[in-house]
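Step one of this worksheet: look at the structure below.
Read-outs throughout are calculated quantities, based only on the coordinates presented, and are distinct from any laboratory measurement. Note that this is a predicted model, so its numbers are computed, not measured. Cβ sites come from the backbone with ideal geometry, for glycine too, and all protein chains shown count toward neighbours.
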Amino acid sequence: MRPQRVVITGLGAVSALGCSVDSLWEGLLAGKSGVVALTDMDLSGCRTRIGARAAGYDADAHFSAREQKRLTLTSQMAFVAAMEALGHAGIALDQIKCSQMGVVLGASTGGFVGIEPTLRDFVVEGRIGDPMAIPMLMNSAPASNISIKLGLKGPVITMDAACASSAHAIGYAFNLIRFGLSSIILAGGADSSFCGSLLHAWSMLRALSEHNDNPAEACRPFSLDRDGMVLGEGAGMLILESEESAKARGASILAEVKGYAATGDGFHLTQPTVEGISQAMRLALTDADLSPSDIDYVNAHATGTRWNDKTETAGIKNVFGERAYQIPVVGIKPAVGHTMGACGALELISCVLSIRDSVVPPTINVRVPDPECDLDYAAEGARKWPVRHAMSNSFAFGGSNAVVVVSRYQS
């Protein structure tokens, strides 16, 4: 069977910049940051007391009180983003074959947040907690709840590869469609890391920024004075479908998924390698049948940590050569935080919008030049820039690397 072309027809987002794709995009282009002081939990003994919460999220607007007790925030945000993506794609569930529509979703830490109250009840109070704790805390719960609430009976799959989870989910969905195993899939990711135990654990790892006095400027990718990432929460969902399916529906096509690659560093749980991420980028280009000279924009993983930023910069230069200095390389985590299982999806959404609007957002908070990070990070602000082909990088703890290439659609 001839491989199918895979296109993107709908987008949905919940982020620290707002609960819609439009608010995400407007905030990114304006150079805003959604990082704030965290005041709803006791972090008095924690080095980091800031984070990027989902701005304006109102559970009551989407779920009954009973549903809120049965759905973690991760599951809720995934569903809200999925509904926006469906609406954006013009999909009415009563007009498509729900038996063929699947959900492939990345999630990583949301289950830990869901289980913390049950563990506290058991360990501290000595009592048995909520009998629904297990169905809530499963990382598969967000994908399963979307499938159940919408009656979708295609593949329901959860990918957990730390902060590369949603990039792998999108890549897996891409392969399911292009090889004829499905025709339309809700793909993306969702996560929330905001509970006391996780924040303290991340802080003890010394991976988080400690710029508590100025939250909006705390995450500083590629800047010499960077001191770590800032946790975020959110969800990003995309409608992936075969070109044939999209044309049959008369859908507006936003972009085409051209390539995907996955590699492992095989080296260290927390330190990335130039070799591993370089190989992922090369394989993604090969899969997309493109060369480095074709790529107009790289959305970087750009966590704001010492190791990631300099290693990713070296990897990009390794793959792109002189081309690396001729294209913008942007990180959006200073604006939306590190959303773990959702970051790859939110970042790919920004790539699709860059293709649509011929503009790239800035990497904010790059204040002090770092000799090891010397590429064009669009630090001066949003830039008009024609984007035909964009690469989105996701490089996770554990050495799991995912790279997705999207392109302007041409019939």
*Equivalent ellipsoid dimensions for the stretch 7-249 as semi-axes, Å, which come from the Cα gyration tensor, largest first*: 32, 23, 15
*Between the stretch 140-157 and the stretch 162-224, what is the C-alpha centre distance in whole Å?*
21 Å
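To the nearest 0.05, how large is the calculated FRET efficiency for Asp294 and Val123 if R₀ is 41 Å and r is the Cβ-Cβ distance? Intermediate values should be presented prior to the final figure.
Details: r = 54 Å, r/R0 = 1.33.
After rounding to 0.05, the efficiency reads 0.15.
Exposed loop sites here are trypsin sites (Lys or Arg not before Pro) in DSSP loop states with at most 16 other C-beta atoms within 10 Å. What is the longest stretch of the chain lacking them?
On the way: sites that count: Arg47, Lys97, Arg127, Lys153, Arg206, Arg367, Arg388.
The answer is 207-366.
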*Sequence-distant or interchain residues sharing an amide H contact under 5 Å with Gly18, placed H: which?*
Ala55
*Would you mind giving the three semi-axes, in whole Å and largest first, of the ellipsoid equivalent to the chain according to its Cα gyration tensor?*
29, 28, 18
*asked:* Given points 7 Å out from each Cα along the Cα-Cβ axis, report the Trp307 to Ser197 separation in nanometres with one decimal.
replied: 2.4 nm
*Hydrodynamic radius by Kirkwood, which averages 1/r over all alpha carbon pairs of the stretch 259-407, in angstrom*: 14.9 Å
*How would you order 15-24, 36-45 from highest to lowest mean count of nearby Cβ atoms within 10 Å?*
15-24, 36-45
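Give a quick list of chymotrypsin sites (Phe, Trp or Tyr not before Pro) in the stretch 191-274 that DSSP marks as loop, anything other than H, G, I, E or B, with at most 14 other Cβ atoms within 10 Å. Can you show the working numbers first?
Details: sites: Phe194, Trp202, Phe222, Tyr260, Phe267; in loops: Phe194, Phe222, Phe267.
Here the sparse-neighbourhood loop sites are Phe267.
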*Projected onto the charge dipole of the stretch 7-249 (+1 at Lys/Arg Cβ, -1 at Asp/Glu Cβ, origin at the Cα centre), which of Ser64, Gly45, Asn139 gives the Cα projection farthest towards the positive end?*
Asn139
_Among DSSP bridges having both ends in the chain, what percentage is antiparallel? Round to the nearest 5._
65 percent
*What's the center-to-center distance, using Cα atoms, between the stretch 5-57 and the stretch 323-398 in Å?*
16 Å
*Along the charge dipole of the chain, Cβ charges K/R +1 and D/E -1, which of Trp385, Ser165, Ala187 sits furthest on the positive end?*
Ala187
*Where in the stretch 325-385 are there GluC sites (Glu not before Pro) that are in a DSSP coil and have at most 15 other Cβ atoms within 10 angstrom of their Cβ?*
Glu372, Glu380
*Enumerate the calculated ³J(HN,Hα) couplings along the stretch 113-127 in order (Karplus 6.51 cos²θ - 1.76 cosθ + 1.60, θ = phi - 60°), each rounded to whole Hz, writing x wherever the residue is Gly or Pro.*
4, x, 8, 4, x, 5, 5, 4, 4, 6, 7, 8, 8, x, 10
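Dipole size in debye (nearest 20) for the stretch 7-249 around its Cα centre, Lys and Arg Cβ +1, Asp and Glu Cβ -1?
Working: 18 positive and 24 negative charges, 104 e Å.
My answer is approximately 500 debye.
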